[in-house]
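Have a look at the structure below, then the notes.
The values are calculated or read from the model by the stated rules, or taken from the named source; none is laboratory data. Remember, it's a predicted structure, so these values are computed and weren't measured experimentally. We place every Cβ from the backbone using ideal geometry, glycine too, and count neighbours over all the protein chains shown.
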Amino acid sequence: MLKPLVLSLLLAGFSQPALAETSLFGDLFGGSHFGADPSEVRGSHLSISIDISEQQMTVSDESGVVYTWDVSTGRRGHATPTGNFRPVRMEQIWYSSKYENAPMPWSIFFYGGYAIHGTEDVAELGHMASHGCVRLDPKNAKLLYDLVNEVGMQNVRISLVG
């Protein structure tokens, strides 16, 4: 009885991509609750971990993983800095003064001009493609921005490795 139910949920997830990001799959399989609304995150601290070699971001609070997303970091000749940081500034929309006024929606600056922000170039997510910033799908960038805003920049740690 359980096997057909799990199979039908998996198939529904493939036919409706949005379902794969809901908490249903995380709860069923013991993974993260990918679709958490920022108001549902109960923690007072947030950890944003970016694995450059995997091109993946993991967002966690005290209860565990909240989100896991593909990112694009710096391509050859445009390295993304590694280390541990805190957000220093947030901008709903910013335009790069260095790279032809490229839009940087939902920017969370963490080191000089380096930021986590949304990108229109979603086809490159999962691949090194930026000038050093950490790029996200715009809807995920907004979710992250809202979450950081809610818990407060002083309660957020950003770690970049790889």
Members of segment 26-63 found to be at pLDDT 55 or above, of a type in the set (Gly, Ala, Ser) and under 24 Å from Leu125 (Cα atoms), listed by number: Ser47, Ser49, Ser53, Ser60
Condition check for Val71: at pLDDT 95 or above, under 20 Å from the mean Cα position of the chain (by Cα), of a type in the set (A, V, I, L, M) and surrounded by 13 or more Cβ atoms within 10 Å (Cβ to Cβ): yes
Search result, residues across segment 79-104 that are hydrophobic (A, V, I, L, M, F, W, C) and more than 17 Å from Ile158 (Cα to Cα): Ile93, Trp94, Ala102, Met104
His127 vs. criteria surrounded by 13 or more Cβ atoms within 10 Å (Cβ to Cβ) and farther than 20 Å from Ser49 by Cβ: no
Qualifying positions in segment 47-68 - assigned to a loop (DSSP other than H, G, I, E, B) and either touching a Phe, Trp or Tyr at 6+ places or on another chain (Cβ under 7 Å) or surrounded by fewer than 17 Cβ atoms within 10 Å (Cβ to Cβ) (or both): Ser53, Glu54, Glu62, Ser63
Residue satisfying all of: in segment 144-162; among the aliphatic types (A, V, I, L, M) and either within 15 Å of the chain's Cα centre (by Cα) or not in a helix (DSSP H, G or I) (or both); farthest from His45 (Cα to Cα) among these: Val161
